[in-house]
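The next block holds one structure in the form of structure tokens; read it before the comments.
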Amino acid sequence: MATLDPRIATVTDRIIEKSKPGRAAYLELMRVEGERGIDRKSMSCGNFAHGFAAAGDDKAAIRTFAGPNLGIVTAYNDMLSAHAPYYRYPEQMKVWAREAGATMQVAGGVPAMCDGVTQGQPGMDLSLFSRDNIAMGTAIALSHGMFEGVAMLGICDKIVPGLLIGALRFGHLPAILVPAGPMPSGLANKEKQRVRQLYAEGKATKEELLEAESASYHGMGTCTFYGTANSNQMMMELMGLHVPGAAFANPGTKLRQQLTRAAVHRLADLAKEKKRPLCEAVDERAIVNAAVGLLATGGSTNHAIHLPAIARAAGISFDWDDLAELSHAVPLIARVYPNGSGDVNDFHHAGGMAFVTHTLLEEGLLHENICAAGNDEFSAFATNPVEGEDGPQWEAVTQSSNDMMLRPASAPFQPDGGMRLVTGNLGRGCFKTSAVAEERWTIEAPCRIFDDQRQVVTAFEAGELDRDVVVVVRFQGPRANGMPELHKLTPPLGVLQDRGHKIALVTDGRMSGASGKVPAAIHISPEAHGGGPLAYLRDGDVVRLCATNGSLEAVGVDLSTREAAKAPPPPIGTGREIFALFRHHADEAEKGGSAMLAAMEDSL
């Protein structure tokens, strides 16, 4: 076991120290829940009878406590390609649970929206808050007290964080996440990006664009670019919440089925032995491991919001200062589209998560002594599963087979991680350096102000942005409109950059995990709604964004002498008014952009 890098140790120790009050309160609640919480044996006969009335062949086993009863919380729907494979999972998992002397019931379902469908549409305003909704749905599912363990079926953007946040309120139980894997590779991502930019310039038809998109997103499984969904899978591996190597085996294969069976058997064993509960598995070290992996692989910027939220649910304080300090210690070892040419299938075949885990452990950049739920030894996550006769077999991976995509931590693509904190008189934000050429890390230009991403597209089409410009899109934070992703801006801004202009984006909104080559300061906090600095900017102000020294400034402007711009009216339609309560009480992006977590902490 390599000695932990002192920089990683310093950040971890700081997180542990500042988390002491919240973590102690959380663990005490989990102790009480474990000792006096609702469970099958403490139920009245009427309660209990309701709980197994529809259990069919498993009724007798549940009634007589013949073995642990495991709850399934599923995010299945067949509109979302990543979650469509889950259709048959529950019935299969029940069979595998019986093999292990356990039973399983579907505790409940949670919503699963596809950001790919809602990008640039009104429904995207629901996206971030769907995470809190999923967490609440998970809590409702598990509130029946019928279960001794939890299997979570979810993959995509807000779904895995939501499932995990909800399950952490039942952290006295062991829990495992069960992925379904990425779809096989379709149209090359670079070609898809080329057609998108041609369409943005009016040089490709809508039918040509639809054909390219359909060839890229073509079947069951997670989208193959390295966005938020696949970054989720990476983080769950490095937190030990999968069985080893489960992240990127394709759907519909025998290996995928064997991995799911192994997850059920593992969860049954944990429940029988009452060990490795989720509250112990998700500790400060596991959160640091997830952050290290995010930085080392150039993962999604959305996790600068989700990871603090997950940490809060476990009583842990983790912020962008921690992420920035880790970024200085962690090298970038992967280039997966949009940060490279190959997709997650290529990444997996090059060594994938097994090699990532191996090389980060070898350089002392990961905590090896975490309480992994998926295996007793965290070193097992440095192995890749292959199909075996009776179940998966795991093989050590100590080398990358493609050093254009995946490199050892001792010889990385760049010496520091993929995200940096930028601060100044315009607030605090995140800059994903791993996706941007270094010569574009500093942009200084007059700004153009917009209150909506559609306004940007209109200005682009009118030729108004064909110059050096910092595009500022404000009133896109959690309290303004739910903090939608602004991924629709990537093609037009990319076109402007390709024309030789100095282009940057500054916003209190989000960019997708697929955000790429255009320099961007995102998640600006405090947000413009309520008086954040972006509300005081005016068209023509010179804005300087520099990832090298971590600055975000309005140059030569005294913002304190101005009145704040008036926020647009709150969004309505497409169900957005239902989420007004979330918007009114949401906190800043750096804390997770959550109304639920803020209210929860106030109640403890």
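The values are calculated or read from the model by the stated rules, or taken from the named source; none is laboratory data. Because the structure is predicted, anything quoted here is derived from the model rather than measured. Don't worry about glycine lacking a Cβ; one is built from the backbone with ideal geometry, like all the others, and counts go over all protein chains shown.
Specify the residue that is surrounded by the fewest Cβ atoms within 10 Å (Cβ to Cβ); the eligible residues are those in the range 487-521 that are modelled with pLDDT of 90 or more and in a loop (DSSP other than H, G, I, E, B). If we take residues in the range 487-521 being modelled with pLDDT of 90 or more and in a loop (DSSP other than H, G, I, E, B), then Gly500 is surrounded by the fewest Cβ atoms within 10 Å (Cβ to Cβ).
Residue-level check: of (1) on the phi < 0 side of the Ramachandran plot; (2) of a type outside the set (Ser, Thr, Tyr); (3) touching a strand residue (DSSP E or B) at 6+ places or on another chain (Cβ under 7 Å), Met483 misses just (1).
Might you check whether a residue that is closer than 30 Å to Thr357 by Cα, among the aromatic types (Phe, Trp, Tyr) and surrounded by 17 or more Cβ atoms within 10 Å (Cβ to Cβ) occurs anywhere in the range 408-418? Yes, there is a match, as at least one residue in the range 408-418 is closer than 30 Å to Thr357 by Cα, among the aromatic types (Phe, Trp, Tyr) and surrounded by 17 or more Cβ atoms within 10 Å (Cβ to Cβ).
Looking at the range 249-259, is at least one residue more than 23 Å from Met183 (Cα to Cα) and in contact with a helix residue (DSSP H, G or I) (Cβ under 8 Å, 6 or more places away or on another chain)? Talk me through it step by step, then tell me what you get.
Filtering the range 249-259 for residues more than 23 Å from Met183 (Cα to Cα) gives none.
Checked against the condition, which is being more than 23 Å from Met183 (Cα to Cα) and in contact with a helix residue (DSSP H, G or I) (Cβ under 8 Å, 6 or more places away or on another chain), the range 249-259 yields no hits at all.
Annotation for the range 109-117: no member residue is at pLDDT below 95, touching a Gly at 6+ places or on another chain (Cβ under 6 Å) and within 18 Å of Arg583 (Cβ to Cβ). The residue of the range 454-476 that is surrounded by the fewest Cβ atoms within 10 Å (Cβ to Cβ), among those that are within 27 Å of Arg131 (Cα to Cα) and modelled with pLDDT of 95 or more, is Phe475.
Where strands (runs of 3 or more DSSP E) sit wholly within the range 368-460, those with at least 1 residues that are without any contact (Cβ under 8 Å) to a residue 24 or more places away in the chain occupy 393-396. Of the residues making up the range 189-234, those that are more than 26 Å from Tyr76 (Cα to Cα), in a helix (DSSP H, G or I) and of a type outside the set (D, E, K, R) are Asn189, Gln193, Val195, Gln197, Leu198, Tyr199, Ala200, Leu209, Ala212. If the condition is being under 24 Å from the mean Cα position of the chain (by Cα) and over 25 Å from Cys223 (Cβ atoms), then the range 471-503 contributes Arg474, Phe475, Gly477, Arg479, Ala480. Restricting attention to the range 325-352, the residues being more than 17 Å from Ala229 (Cβ to Cβ), of a type in the set (A, V, I, L, M, F, W, C) and modelled with pLDDT under 95 number 0.
Taking the conditions exactly as written (at pLDDT 95 or above, in contact with a helix residue (DSSP H, G or I) (Cβ under 6 Å, 6 or more places away or on another chain), more than 25 Å from Lys275 (Cβ to Cβ) and surrounded by 11 or more Cβ atoms within 10 Å (Cβ to Cβ)), does Lys59 satisfy them or not?
Criteria met by Lys59.
Which fully enclosed helices (runs of 4 or more DSSP H) of the range 58-162 have 2 or more residues being out of contact with any strand residue (DSSP E or B) (no Cβ under 9 Å at 6 or more places or on another chain), of a type outside the set (Val, Ile, Thr) and within 18 Å of Val264 (Cα to Cα)? Reasoning before the result, please.
Numbers: elements: 59-63, 89-99, 115-118, 127-142.
Where helices (runs of 4 or more DSSP H) fall fully within the range 58-162 and carry at least 2 residues being out of contact with any strand residue (DSSP E or B) (no Cβ under 9 Å at 6 or more places or on another chain), of a type outside the set (Val, Ile, Thr) and within 18 Å of Val264 (Cα to Cα), they are 89-99.
Looking for whichever is buried (at least 19 other Cβ atoms within 10 Å of the Cβ) and not charged (D, E, K, R) here; the options are Thr118, Thr103. Which one fits?
Values: Thr118 fails: buried (at least 19 other Cβ atoms within 10 Å of the Cβ).
Result: Thr103 is the single residue among Thr118, Thr103 that is buried (at least 19 other Cβ atoms within 10 Å of the Cβ) and not charged (D, E, K, R).
Mind checking which residues of the range 590-599 are more than 11 Å from Phe129 (Cβ to Cβ) and touching a residue at least 60 places away in the same chain (Cβ under 8 Å)?
Answer for the range 590-599, where residues must be more than 11 Å from Phe129 (Cβ to Cβ) and touching a residue at least 60 places away in the same chain (Cβ under 8 Å): Glu590, Lys591, Gly592, Leu597.
Just one of (1) surrounded by 17 or more Cβ atoms within 10 Å (Cβ to Cβ); (2) farther than 21 Å from Arg428 by Cβ; (3) touching a Gly at 6+ places or on another chain (Cβ under 7 Å) trips up Pro446, so point out which. Only one criterion is unmet by Pro446, namely (1). Report yes if Asp39 is under 26 Å from the mean Cα position of the chain (by Cα) and among the acidic types (Asp, Glu), otherwise no. Against the criterion (under 26 Å from the mean Cα position of the chain (by Cα) and among the acidic types (Asp, Glu)), Asp39 does not qualify.
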